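First up is the structure itself, then whatever we jot down about it.
The values are calculated or read from the model by the stated rules, or taken from the named source; none is laboratory data. Bear in mind that the values here come from a model prediction, so they are computed numbers and not experimental data. Every residue, glycine among them, receives a Cβ derived from its backbone with ideal geometry; neighbour counts consider all protein chains shown. Ligands, DNA and RNA are excluded from the accessible area calculation, which covers all protein heavy atoms including side chains. Shrake-Rupley method; radii C 1.70, N 1.55, O 1.52, S 1.80 Å.
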Amino acid sequence: MRQAEPDAMPVPAAPPSRVARALVALVAGLLVALWSHHHLVVSRSVGEDFTWPWRAARALLAGLDPYAVIRPVGPFPFDAYFKYPLPAALVAIPFAPLSGELAGALFIGLSTALLTWALTRESWERLPVLLSGCFASAAKSAQWSPLLAAALLLSPWSVGLGAIKPNLGVPMFVARFSWRAVAVAVGLLVLSLAVQPGWPVEWLHVLRGGLESHYLSPVAGGPGLLALGPLLLLGLLRWRRPEARMLVALACVPQVPTFYDQLFLLLIPRTFRESAVTSLLSVAAYAYLFSRPSLTHERTATWILVTVYAPALFLVLRRPNEGEVPAWLDRAARAAERRVRALARRRERAAQS
């Protein structure tokens, strides 16, 4: 009698072709750009949050100081100073000749296309990110997070774009540190200093005098369920994984509880099921909070903690503590481990004597 052959190992699906990825990215970017332009025109909000770097770029081209000319003079989006580092204005220069509405729509459309291209490098399974509440918030606000999320996924060089927005740049560098990323970031800083040598002092002055109280750090805790925020440090148990380091770093930096800064956490899911579930959770929370704009920032932050941070931490802790880390970090961790073990042995000998 013929013996049954052992089950064959499952063959991983081939990654999508570059042509298919490019077509999907083009369609996604075009749809988001068209929707964004309609939203910006109807809402009369110029370029939403992209208004600030767009105005700063126009000021630079006119030979003016963005930190001096951009001041609170009216309702949103003219209600605050320019709070970004000057490299953000340099990156926005290609959009400066356009109207604010077209600039914001084109910026978020291109960012969406790049993010779609990055998400589909290995499979189509992470595309639900584009249907998440975090992405919807970022697209509506014409925020930097889709572009920087794409940069985080694409290459070590592109990670250097984190210099545009430091509270997202820190998690990017912590997750994927490389000297190539440092070179790009330093290059942006050197170029910005050549354009306007005194901008760091002006920028810090604006930050000291104009940061609103709604910037929160989840790890700092707070009332109610926000008191559980420090538990996000459990992600350090998986410190060898880049997504774990990114999660902990993002939880430590100041951020606005409006979902768009948390888009990075939707990069943690790997399978379609993980991506779909986490995206649906963020959609439900975003839709609920969008219908209740009078909620306090602490209440909004609580929803984000429960529906975005907590699922991300759950996924991270399910994975083994494996992954590539910078050599210097690996050496530091091993040295710290040896010191801890030596200290434990000394205490044990002291207790026995």
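Points to keep in mind about this one:
- Number of residues in the range 296-353 that are of a type in the set (S, T, N, Q) and in a helix (DSSP H, G or I) equals 4.
- Scanning the range 178-197 for residues being farther than 27 Å from Gly63 by Cβ and open to solvent by less than 60 Å² (accessible area, probe 1.4 Å) gives a total of 4.
- Taking residues in the range 40-64 that are under 10 Å from Glu101 (Cβ atoms), and partners anywhere that are open to solvent by 70 Å² or more (accessible area, probe 1.4 Å) and at pLDDT 95 or above, the pairs with Cβ atoms closer than 9 Å and at least 6 places apart or on different chains are Leu40/Leu102; Gly47/Leu102.
- Which numbered condition Phe272 fails, given (1) surrounded by fewer than 20 Cβ atoms within 10 Å (Cβ to Cβ); (2) in contact with a Phe, Trp or Tyr (Cβ under 9 Å, 6 or more places away or on another chain); (3) modelled with pLDDT under 95: (3)
- Taken over the range 65-81, residues that are among the acidic types (Asp, Glu) and either surrounded by 21 or more Cβ atoms within 10 Å (Cβ to Cβ) or without any contact (Cβ under 8 Å) to a residue 40 or more places away in the chain (or both) amount to 1.
- Matching entry among Arg238, Arg208 (being within 28 Å of Ala332 (Cα to Cα) and of a type outside the set (A, V, I, L, M)): Arg238
- Any chance Phe264 is within 25 Å of Glu322 (Cα to Cα), open to solvent by less than 10 Å² (accessible area, probe 1.4 Å), among the hydrophobic types (A, V, I, L, M, F, W, C) and at pLDDT 90 or above: yes
Yes/no matrix, rows are residues, columns are (1) open to solvent by less than 10 Å² (accessible area, probe 1.4 Å); (2) among the basic types (Lys, Arg); (3) under 24 Å from Pro94 (Cβ atoms):
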{"position": "Ser111", "(1), (2), (3)": "yes, no, yes"}
{"position": "Thr120", "(1), (2), (3)": "yes, no, no"}
{"position": "Glu125", "(1), (2), (3)": "no, no, no"}
{"position": "Leu131", "(1), (2), (3)": "no, no, no"}
{"position": "Pro146", "(1), (2), (3)": "yes, no, yes"}
{"position": "Ala150", "(1), (2), (3)": "yes, no, yes"}
{"position": "Leu153", "(1), (2), (3)": "no, no, yes"}
{"position": "Trp157", "(1), (2), (3)": "no, no, yes"}
{"position": "Ala163", "(1), (2), (3)": "no, no, yes"}
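- Looking only at the range 324-342, and only at residues there that are under 23 Å from Pro156 (Cα atoms) and open to solvent by 40 Å² or more (accessible area, probe 1.4 Å), the one that is modelled with the lowest pLDDT: Trp328
- Neighbours by Cβ (under 8 Å, 6+ apart or cross-chain): first from the range 210-235, closer than 30 Å to Tyr81 by Cβ and modelled with pLDDT under 90; second among the basic types (Lys, Arg) and part of a loop (DSSP other than H, G, I, E, B): Gly210/Lys83; Leu211/Lys83
- Qualifying residue in the range 85-95 (condition: open to solvent by 10 Å² or more (accessible area, probe 1.4 Å), under 27 Å from Ala22 (Cβ atoms) and under 18 Å from the mean Cα position of the chain (by Cα)): yes
- Cross-chain or 6+ apart pairs with Cβ under 7 Å, the range 180-198 first and under 13 Å from Ile164 (Cα atoms), then open to solvent by 40 Å² or more (accessible area, probe 1.4 Å) and not in a helix (DSSP H, G or I): Ala181/Trp157; Val184/Trp157
- Single match in Ala59, Ala96 (criterion: more than 13 Å from Ala142 (Cα to Cα) and in contact with an Asp or Glu (Cβ under 8 Å, 6 or more places away or on another chain)): Ala59
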